[in-house]
Amino acid sequence: MLAEDRAHADVVSPDEARVSIDAGFTQDKIMFTGTSVSNKDLEAITGLGIRINIDSFSQMRRLAKL
């Protein structure tokens, strides 16, 4: 219902991102915000094509390498 009303989703894990996509949210309506994110999760999130809210320079550097 929220996706149909053009709401956005803020997710904290790759699994939440997948659930949001399955629920009808498009990638441009999903934002990933995580803390202490592993490289594995960064890879999964980038593979889903959603926006990432970077919370540290360390995370930004690791993301740039991917």
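The values are calculated or read from the model by the stated rules, or taken from the named source; none is laboratory data. No experiment lies behind these values; they were computed from the predicted model shown. A quick note on method: Cβ atoms are made from the backbone with ideal geometry, for glycine too, and the neighbour counts reach across all protein chains shown. Each accessible area value is taken on the protein alone, full model and side chains, heavy atoms only, with ligands, DNA and RNA left out. Shrake-Rupley method; radii C 1.70, N 1.55, O 1.52, S 1.80 Å.
For the chain, which GluC sites (Glu not before Pro) pass both filters: DSSP loop (anything but H, G, I, E, B) and at most 15 other C-beta atoms within 10 Å?
Hits after loop and neighbour filter: GLU4.
How far apart, in nm, are the 7 Å Cα→Cβ label points at LEU2 and VAL19?
Modelled inter-label distance: 1.0 nm.
Out of the chain, which trypsin sites (Lys or Arg not before Pro) are coil in DSSP terms and have no more than 14 other C-beta atoms within 10 Å?
ARG6
At a 1.4 Å probe radius, carbon and sulfur cover how many percent of the accessible area of the chain? The partial results should precede the final answer.
Values: 2390 of 4560 Å².
Looking at the chain in its full context, I get 52 percent from C and S.
Which one, [x] 1.29; [y] 1.21; [z] 1.10, gives Cα Rg over 2.2 N^0.38 Å as derived from the coordinates shown?
[z]
Just the number please: accessible area per residue for the chain, 1.4 Å probe, all protein chains included, in Å².
69
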